[in-house]
Amino acid sequence: MGVRKWVGEWPVLRQVKGSDPLGRGRAAMSAGSERLRPRTDSADRVVSSVCPYCAVGCGQQVYVKGDKVVQIEGDPDSPVSRGRL
């Protein structure tokens, strides 16, 4: 890798030269981070459920692909936990 290419891919240089002066968007992204996708992207459907861990009964959103659970998150519509697990 040449020095010119290495310096051109430096995040601080992209931040200063580009339209992202705070470095919160495209300037902070690398080739690896641009390929990242959330785990919930692969889910076919979302099923509402209740956490069985304790007696409180926090609401959950269960992300399912086929018959397998992909991700579990708190349900923001739950009056008990307001989306926090």
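The values are calculated or read from the model by the stated rules, or taken from the named source; none is laboratory data. This is a predicted model, so every value here is computed, not measured. We place every Cβ from the backbone using ideal geometry, glycine too, and count neighbours over all the protein chains shown.
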Considering the stretch 11-40, residues that are within 30 Å of Val70 (Cα to Cα), surrounded by 10 or more Cβ atoms within 10 Å (Cβ to Cβ) and among the polar types (S, T, N, Q), and then whichever is modelled with the lowest pLDDT, we arrive at Ser30
With the first residue restricted to the stretch 67-82 and required to be more than 11 Å from Val46 (Cβ to Cβ), and the second required to be among the polar types (S, T, N, Q) and part of a loop (DSSP other than H, G, I, E, B), Cβ contacts under 9 Å at 6 or more apart or on different chains are Gly74/Ser81
